[in-house]
Every structure is written in C-alpha cells, then in structure tokens.
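Since the structure comes first, as structure tokens, the remarks are kept for the end.
The values are calculated or read from the model by the stated rules, or taken from the named source; none is laboratory data. Keep in mind it's a predicted model, so treat the numbers as computed, not measured. Glycine also receives a Cβ, built like all others from the backbone with ideal geometry; neighbour counts cover every protein chain displayed. With ligands, DNA and RNA removed, areas are computed over all heavy atoms of the protein, side chains included. Shrake-Rupley method; radii C 1.70, N 1.55, O 1.52, S 1.80 Å.
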Amino acid sequence: MPPSSLPRLIVPLLLAFCLSGQVLAASQPVTEGWEYRWGDSPFAPAGVPEWVRDETPGQWHQIGFPSNPPGRAGRENVWFRVTLPPGDWQEPVLYIFSVDLIVQVYLDGERIYQHGTFDEVGRGRFEGWPWHEVPLPEGFEGKELYFRVFSNYTDIGLWGEVSVMDRPDLVLYILGNSMEALIIAGFSALIGLLALFFAILQAEKKSFASIALFAFSSGLMLVAESQASLLVWNAPLAWDYLAAGSYYLLPVAMALLLEQWFADQRPWLINLVWKVHFIYLAGALGLSAVGAINLSSTFPPFDLLFLVSLVTISVVVIKRFRDLAIERQIILLTYGIFCVLLILDMAVAHGFLPWGRVPVSWGALAFSLSVVIISLVHYARNQHALHTLNVSLEKQVTERTRKAESLVHREQARVRLLTFENEKNRVLNDIIAGLQDCLSLNQAFNYLSRVMPDLCSPLRGALYQRVDDGRAYERLNYWGYAREIPDFALILDTTEGVPEATTLPSRYRTFPEDYEDDKRAGLNGSVCLYLDVQSASEGMLTLGLLMVEIPDDFSSEGADYGAARLFHALDQGMQRISITLSSISLHEELQKYSYEDALTGLKNRRYFNQLLEHEGAVAERSKVPLALLIVDIDHFKRFNDTHGHEAGDSALKTVACVLLQQFRDSDVVCRFGGEEFVVIMPGASLASARDKAERLCRVLRTTPVQHGSRSLGCVTLSVGVAAWPECAHNPDALLGLADSALYKAKEGGRDRIEACPTDLPARLE
C-alpha cells in the first residue's frame, strides 16, 4: 500500500479490536472438501491447465487441509482443489494465511491469482510469505477452485487459515490480528531507544547496548511478521528479509549480554554461541541476497541451531543463576518465556503442533516490561540516594562557607606572593639571557657576581667560585651587609670536601594551608646551594656555591611564608643557572678540542692519535687486519720556495682531495703535520694497502696543482706502508714501522712506495 493510503488506516486501526469478532462471524472458513494431486498439470495451447477440466477418477485424493499431503517423496509440485461455499458477500475475496512457496489460483479454467513466478517446468524462486487476498468473481459459489503450488521448502501447500469474506472485513481482520504485535513492537522500540541512550552515556556498561540490540531485534521481528506490514508496504520478500535478520539477531544479542555478565568467568561457550549465530546471520542473508540460496531454506537450519544454542546457554546460565543479581535473574526469566513462545511458534511452523496463533509478542512484552520495572526500581533507589546526599551536602555547605572566607584571606596573600615570585622569575630570566651571551665560564661567573644580589634580595649572601682544582672556593661577591663585615670567609678551604648542600624542609615547598599544619623544622646559620656544571671530560663538577643567610625568625612557627617560597625559588633558579653554565662549558670544550684541520678539512693529528688507539684495540679484539700509510709530499719545501706558501696550501688541498677520492668510506685520512698525511685502513692487508698506495701515486702524478688560474704542475709522493699482524705483534707499533718505511722510500729516491718487511720472527731475533 502506498504511503498516501496511511491516513486512511487510522480509523480501521482504532476500530480493529472492536470489530474483529464481527469479522470472524462474517467470514466463511473453507475447511471441508479439499482434494490434492501430486505433480504438475500439462497446459493446453491456450494456456489452460488440463487438470482443471480432467475428471479422471482416482487422480484426486481427499485431504483434511491443503498442506503437506502424504507421500511427498521429494516432490515439489502439487495441486489442490475445493468447492467454494455459498454465501452473501458484497466484495468477496478468498483469504489465505500463507502458502509454501508460490501459487497460482484457477476458477473456470481461468487464472484469477498468482504469487511468484513459475518457469516452463513449474518451478520458481521464493517470493516471501505474505497473506493472500484472492478476488472472487460473481457466481463463484459452488464452483471448484484449483491451486497450483510449487515448494522446495520443508512444507508444501497452503498454511494457516483459508476463509471467504468481504474485502473491507478482511482489512479490519488483518489490523485486528496485528494490533497487539504492533503496539508491543512500538513499546520494544521505545525500550531499545532508552537502552541505547544509556549505552551512549555510560560506555563502560556494555550490557545496555546488548539490551538495546535485543529490544530492537524483537520489535522489528514483530513488525515484519505482522500481517499489517503488507498494508503499509506491499513487499513480502523485503519484510521476510527483515524478519529473518531480526530473528537471527535474537540469540546474538542475548549471548552478548550473558558474556558481559559472566566476563570474569570467561564463558567461552557463550562467546562461541554469538559468534556462530552472527556468522550464520551474515552467511544466510548474504547468500540469499546474491541468489545462491532461497531465504526460505535458511529458516529450518537456524531453528535447529537456535535449539542447540538455547540448550547450551541454559546449561551455562543454570550453573551461575544464583550468583546473578535479582535484576539479571528477572531478565533471564522473561527471556526464557520469550524463547518458549518462539519454540512453540517454531513447532507450529514445522507441523509438530496443529496450526494456531502463538502469542510471541507477549514474550517480547514480558522482556520489555521487566526492563521497565527494573529501571523504575533503580530510579527509586537513585532518588533515595539523592535525597540522602542532599541532606549530607546541606550539612557541608555551612562548614565550607566558613572555610571559604578563610580561603579568601589566604588568596589575597597568595596574590601578593605571586607578584613577588613573578618579579623574581623576571630577574632570573634576565640572568639566563645574560649568561647565554657569555663565551667562557670565567666570563659567566664574573657576570653572576654582579647580578646575583638582585636574585637573592632581600636576603644576605655570597657567591663562591671553584679554584685550585677544587681544593678551595674563592668569594666573588657578597651583598646585603652595607658597611658591616660579612660572616662569609674570603676563601673556603675544601681539601676535606665541599660543604654539604642544604635540603630544604618540605614545609618550605608547600602551600600556606599545609604550612600551618606541618611540624616545626629548624634551619640554622646559612643555606648552601650548589652550581653543578656538566663537563665533557671530567663529568659533573660543583663549580660554584651560593651561601644565603637565614633570617632569625625563619625557623620559627610564625615564619613568613614568602621567605620560605623565596628559598625554594632560589633552589630552582640555581638549577636553571647550572644548566646554562653546563652549556657554556661544553661549548668551551668543543672549541678547545676541535678535531678538524682548517686548511684541508681532514681530521687532525689529535683525532688520528685517538682513532689509531681505538682501531688498534678493535682489530686486536676482533682479529681483523689493520693497515697504516704515511704519505709525504716530495720536495715540498722546494715547491713552497718556488711558488710561494699560498701555492703550497693549494698543493696540500689537492693532495687531500685525491686522498679522499682514492680510499674507501671506511678508511680515515688525517693530516699528520706539515706535508705529511696518514691513512688508517681497517680490515686491509699489507698487499691491498700497497695496491692502494700505488694507485694513489699514479693518480697524483697526472693531477696538476691549480693555484688561481695557473697550473703549477704535478707533485709526487713517498709512502710508507705497515700492516698488522703481518709486520708487527702489536697494532701500536704500526706508526713507527710505517714511519721507518717512509724514511726508506725517501732514501731510495722519493716518488716511491716502501712497505715494512714481513719477516717478523727474523727481525725479532
């Protein structure tokens, strides 16, 4: 029925209950005279089935109701016929509750109704389980009505009720039969919405989501299976898909709910139940949607699976039923009632019980009412708890009002204190900014001696710097004494150790309200704070001391809270200053220990000395060879005298560039000093090192030195090569051996390569 016809249903909906009894009285059930015949009729050329005119005796057999005749034996086609009763009707129709699965209706050899599509061999696909309204022409009384039925389902034939009645009475009858299910479905939907709302508000309580899923599923199932649904939307197969989906979801929802209730006991059986049913739901609807199977064939396997799952769940629940809260027990009992009604409806559908309307909707109503009752009980409890809480809160209001007045006074003191601390933070930030401009620690300490009084004011104090390798600390400045002689000595002797740093009592680090309740903690004399500086070579050093005098009234119970906070701020400030000084120290050390030769860009001799020691230890530990080359530019002094020192620098750069090009990334090239270079070759043997040296000399003989726009010709090299373990027992001896080989190359006429001898045992003798 189109949406525009919905307003016309309002009056029938209101009158359905009142008139349903009269409709039953006006209808004429067709319960007698039914006959059946297995198989399918041949058709005459005009399209008329021959069986509707065939009166051959013995072919038709009597049956009490046109459903599931005996002797089916896998047959999928059957015909039924009945003589229509007489009566007085204005707009007569034949009402059929349902048909398995598709049907054609013939009267006087003419087809007057069809549900589904028959192919040339009398078969067809499932088209849904609607109720049927077969219009009857005038003069139908006393005539035979023929039904052609195809079904590959477990049942075959007509099902439920078959009656003749007027069409308006049929509409009221359908509405009367559906009203109960529709009202309960609406109630279930409302419960589902409320449960979903609570599930969103309280995400940690997943049981609300499961209850919402069950309520929505049961409500949708009632709507989809109600006969009135076809009055709203005449799409029986679509309604059957909705009914199947919601029906198949019921055990999923309940198993999820039970799994959450028994989560601490790890109910793997219940977890398996909902997963199996969910897979069946997806597979059954998916395969039906793509046409692989008929939707009707998915119901019998599900009914069997549902019974098995119900037994499984019952076994698990019975063992733990007493451990559940009363609310959960009530929900389980109503779910059990719902399942019993579903099983009865299932038994009727499969012919185990005679046909009758099973009030499945009452099971859904019982479940929904249990949720409502439990919610009302919880609401009453919450209201009582809120009332009790209100009384308690009213008692606390007066006490908190009194405390609030006290807090106002403390807040005023806090504001004054924050203003003071902000000023100290500004001074500290200025000091840090000034330190960042210092290039050395001495410059930084000179700067600190000038600005530290501003940070410590109004307290008296002195700043000391470490001298004489830590054996003493020298006073750089003191403040707060006017013309008085300070109590802090000019030199602090620390040969026996640096004065211990002061740990401030906890009460000096807390808020005023906590300060009042803390125990008395005394401080006498002065507070000593460290300036700890991180050094790359020596580690953490205490390079400075800040000594601050404690006021006489500071350690008393009536001490000013602001002074306590000042000491705490000084402690934090000294830590920030120490970090900045550490940065200056590291920068200073980096400047001091630079490892790069400024002219050639190669590593310098300091780097070489440290690296050779490291690579020697690695080679000896890993048992891999290590080679060393010393390279000297031939007649470099003569080159300088001829072309000038700037040209000599160009020659050095040229040689450095060729060296970098000729050796591996793992080899390290360093400038050893003057015109000498060294190459460390980890993993290289004496022969491979000599080959590298020869290639280097060949390349350099053909590489001219460019100085500005002039070419100054080529230079040559003398190279000494040594390798461990071929030339020495210890990698530390490689430098001396390579130097001896270089001297031999020079003595031999230069522009040549000499390797140290490998007859190690003979040389040792």
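A few comments on the model shown:
- Those residues of segment 726-754 which are touching an Asp or Glu at 6+ places or on another chain (Cβ under 9 Å) and of a type outside the set (D, E), in sequence order: N730, P731, S740, A741, L742, Y743, K744, A745, K746, G748, R750, I753
- Test: residue in segment 75-86 that is surrounded by 12 or more Cβ atoms within 10 Å (Cβ to Cβ), farther than 30 Å from Y241 by Cβ and at pLDDT below 90: no
- Among the residues of segment 672-686, just one is open to solvent by 40 Å² or more (accessible area, probe 1.4 Å) and touching a Phe, Trp or Tyr at 6+ places or on another chain (Cβ under 6 Å), namely E675.
- Number of residues in segment 159-175 that are closer than 25 Å to A347 by Cα, part of a strand (DSSP E or B) and of a type outside the set (D, E) equals 4.
- Filtering segment 691-733 to residues that are touching a Ser or Thr at 6+ places or on another chain (Cβ under 8 Å) and in a helix (DSSP H, G or I) leaves C697, L700, R701.
- Residues (surrounded by fewer than 14 Cβ atoms within 10 Å (Cβ to Cβ), of a type in the set (V, I, T) and under 30 Å from F567 (Cα atoms)) located in segment 387-431: V408, V415, T419
- Number of the exception - L417 against (1) out of contact with any helix residue (DSSP H, G or I) (no Cβ under 8 Å at 6 or more places or on another chain); (2) at pLDDT below 85: (1)
- Restricting segment 591-609 to residues that are free of Cβ contacts under 8 Å to residues at least 12 places away in the same chain and open to solvent by 80 Å² or more (accessible area, probe 1.4 Å), the residue that is farthest from Q534 (Cα to Cα): A598
- Hey, P757 surrounded by fewer than 17 Cβ atoms within 10 Å (Cβ to Cβ) and farther than 30 Å from D649 by Cβ or not: yes
- When segment 582-607 is filtered for residues that are in a helix (DSSP H, G or I) and either at pLDDT below 75 or over 20 Å from V668 (Cβ atoms) (or both), the ones remaining, listed by number, are S582, S583, I584, S585, L586, H587, E588, E589, L590, Q591, K592.
- Residue match in segment 734-752 (condition: aliphatic (A, V, I, L, M) and in a strand (DSSP E or B)): no
- Scan of segment 40-53 for residues that are open to solvent by 40 Å² or more (accessible area, probe 1.4 Å) and more than 24 Å from V162 (Cα to Cα), ordered by number: P42, F43, P45, A46, G47, E50
The rows are residues; the columns are (1) charged (D, E, K, R); (2) modelled with pLDDT of 95 or more.
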position	(1), (2)
K143	yes, no
W159	no, no
V162	no, yes
V171	no, no
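- Enumeration of residues in segment 478-493 that are modelled with pLDDT under 85 and touching a Gly at 6+ places or on another chain (Cβ under 7 Å): G480
- Among (1) part of a helix (DSSP H, G or I); (2) open to solvent by less than 80 Å² (accessible area, probe 1.4 Å), the one test that G356 misses: (1)
- Close pairs from segment 281-302: first on the phi < 0 side of the Ramachandran plot, partner in a helix (DSSP H, G or I) and among the polar types (S, T, N, Q), Cβ under 6 Å, at least 6 apart: A284/T298; L295/S288
- Answer residue from segment 441-465, given it is among the aromatic types (F, W, Y) and crowded, with 20+ Cβ neighbours inside 10 Å and is farthest from N477 (Cα to Cα) among those: F445
- Within segment 303-327, the only residue that satisfies the criterion of being among the acidic types (D, E) and surrounded by fewer than 14 Cβ atoms within 10 Å (Cβ to Cβ) is D323.
- Count of residues meeting criterion [closer than 19 Å to V721 by Cα, within 51 Å of the chain's Cα centre (by Cα) and not in a helix (DSSP H, G or I)] in segment 608-627: 1
- Within segment 159-170, none of the residues are hydroxyl-bearing (S, T, Y), touching a helix residue (DSSP H, G or I) at 6+ places or on another chain (Cβ under 9 Å) and open to solvent by 50 Å² or more (accessible area, probe 1.4 Å).
- Sole exception among (1) among the β-branched types (V, I, T); (2) within 18 Å of L529 (Cβ to Cβ); (3) part of a loop (DSSP other than H, G, I, E, B) for V451, by number: (3)
- The set of residues from segment 191-208 being in contact (Cβ under 8 Å) with a residue 12 or more places away in the chain and assigned to a helix (DSSP H, G or I) comprises I191, G192, L193, L194, A195, L196, A199, S207, F208.
- Residue satisfying condition, being buried (at least 17 other Cβ atoms within 10 Å of the Cβ), under 26 Å from E596 (Cβ atoms) and within 60 Å of the chain's Cα centre (by Cα), within set A723, A693, A651: A693
- Residue match in segment 466-477 (condition: at pLDDT below 75 and either open to solvent by 30 Å² or more (accessible area, probe 1.4 Å) or assigned to a loop (DSSP other than H, G, I, E, B) (or both)): no
- Scanning segment 187-208 for residues that are over 16 Å from L249 (Cβ atoms) and either at pLDDT 90 or above or open to solvent by 50 Å² or more (accessible area, probe 1.4 Å) (or both) yields a total of 14.
- Filter result (farther than 16 Å from D40 by Cα, open to solvent by less than 20 Å² (accessible area, probe 1.4 Å) and not in a strand (DSSP E or B)) within segment 117-158: F126, G128, P130, L136, F140, D155
- Some residue of segment 362-381 being hydroxyl-bearing (S, T, Y) and buried (at least 16 other Cβ atoms within 10 Å of the Cβ): yes
- Test result for K319, closer than 30 Å to F278 by Cβ and charged (D, E, K, R): yes
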